[in-house]
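**Student:** Here it is: the structure, laid out below.
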Amino acid sequence: MKLRYLLIVIIVIQLCVACFLWFRLFIRHVKVEVKSATSLIKKENIISTTSALLSYYELKPNLQQTWNNPQLTDITTTYFINKNGENDTHIYSQNKPTSTYRIVTLGDSITFGLYIPQQLNFSKVLESSLGNACQTKKIEVINLGVPGYDPTYEVEHFRLHGVGYHPDLVIWSLSNEDLYEVLEEMLPAIKKAAGNAQYTARLNAKENLNSRFNEDDLLAYQANVFSTFKKLYSGPLIIFSTTSFSQKQIDFMNNFISHRPKTYWLHLPDDLIKENALILKDSHPNIKGHALIAAFLEKSLEEKKLLSCRQ
């Protein structure tokens, strides 16, 4: 009988030790997951809308979010999302003031300014620089970038919020990866994951998408997205990229700009793409990179004669 009790005690102790070790490993895993998180957007920080797109989302208005990722940058950033759902403390009027040149910027987390202090993303830097240089007009640059967006959601966001601003120019940040993403297909699987696991879920969802549709299929889908944008807005458009494109993607982009007046597809200088000082580990531009983007865009506006600031 004593031997039986002794065996039971030994088994219980072994189970306790095993549970303790599992717990330690679990906590360590959780800490690594949190530390390596790269997405600002959490479920509680976004809202659904009346959009016909099933998984479309927007930033929650009047939101304040503090973000820090020590693996990428030592800067702690606080974002203030205004009542219009924009990464800006300023509220822009739907009615464009007289003598105002208004620019709307579209894109994902690069346009939004992820990891960057609010006043130092390229939209705000461009607005400030053009405002100082322009003698004849007031300059407004309205940032409609939302982290995680693909071209479909960017165009839908412009339809819902950008068209009403009556922009004189749209600047659209687009990467090669954007042309291979369809969030309407991907987000249902991503939403099933919790917290930091959504990053891995997004990669898996994209891999699954690319296994079901080839490059021609995806570009045909994007052609419809770009056609929708063309119907929404006929004014000047600058699309800028910091990544290299496949030949089929290049042909796709050239076909789009050749059939749309005052449309320019521009690639930023190689130093922004290659120099580590301007790019964070996850390919987002740092503060210096955003400044370079703003300077590049300002120069392009002058070269394309899209904005005249001289009396």
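Every read-out reported here was derived from the displayed coordinates using simple, explicitly stated rules and does not represent laboratory data. Computed from a prediction, not measured in an experiment: that's the story for all the values here. Cβ placement follows ideal geometry from the backbone for every residue including glycine, while neighbour counts extend to all protein chains displayed.
**Student:** Using θ = phi - 60° and the Karplus curve 6.51 cos²θ - 1.76 cosθ + 1.60, what whole-Hz ³J(HN,Hα) does each residue of the stretch 118-125 get, with Gly and Pro shown as x?
**Tutor:** 3, 7, 10, 6, 4, 5, 5, 5
**Student:** May I pose another question? Sort 222-232, 170-180 by the packing proxy (mean of other Cβ within 10 Å over each peptide's residues), most packed first.
**Tutor:** Per-residue Cβ counts within 10 Å, averaged per peptide and sorted highest first, yield 170-180, 222-232.
**Student:** Two decimals is fine: what is log10 I(q)/I(0) at q = 0.14, 0.23, 0.29 Å⁻¹ for the stretch 154-221, from a Debye sum with one equal scatterer on every Cα and no solvent?
**Tutor:** Reported log10 I(q)/I(0), two decimals: -0.57, -1.02, -1.21.
**Student:** If you take every DSSP beta bridge whose two residues both sit in the stretch 51-141, what share of them, in percent to the nearest 5, is antiparallel?
**Tutor:** Expressed as a percentage, antiparallel bridges in the stretch 51-141 total about 60.
**Student:** Can you give the FRET efficiency to the nearest 0.05 for residue 76 and residue 133, using r as the Cβ-Cβ distance and R₀ = 25 Å?
**Tutor:** 0.20
**Student:** Taking H placed 1.01 Å from N in the peptide plane, check which residues at least 5 places from residue 243 or on another chain put their amide H under 5 Å from its amide H.
**Tutor:** Distant-sequence amide H within range of residue 243: 176.
**Student:** Let me ask something else. Among 149-161, 197-209, how do they line up from the highest to the lowest mean number of other beta-carbon atoms within 10 Å?
**Tutor:** Answer by packing, highest mean first, reads 149-161, 197-209.
**Student:** Also, I was wondering about something else. Can you run phi through the Karplus equation (6.51, -1.76, 1.60; θ = phi - 60°) for the stretch 101-116 and list ³J(HN,Hα) in whole Hz, with x for Gly and Pro?
**Tutor:** Per-residue couplings from phi come out as 9, 10, 10, 10, 9, 10, x, 9, 5, 5, 5, 4, x, 4, 6, 10 Hz.
**Student:** Compute the distribution of all C-alpha to C-alpha distances in the stretch 132-273, in bins of 10 Å from 0, and list the percent of pairs in each, rounded to whole numbers.
**Tutor:** Result, from short to long distances: 10, 36, 35, 16, 3, 0 percent.
**Student:** I'd like the Karplus ³J(HN,Hα) series for the stretch 279-284: coefficients 6.51, -1.76, 1.60, θ = phi - 60°, whole numbers in Hz, and an x wherever there's a Gly or Pro.
**Tutor:** Once rounded to whole Hz, the list reads 10, 7, 4, 9, 6, 7.
**Student:** Something else about it: Using amide H atoms built in the peptide plane, which far-off residues or other-chain residues are under 5 Å from residue 67 H to H?
**Tutor:** 77, 78, 79
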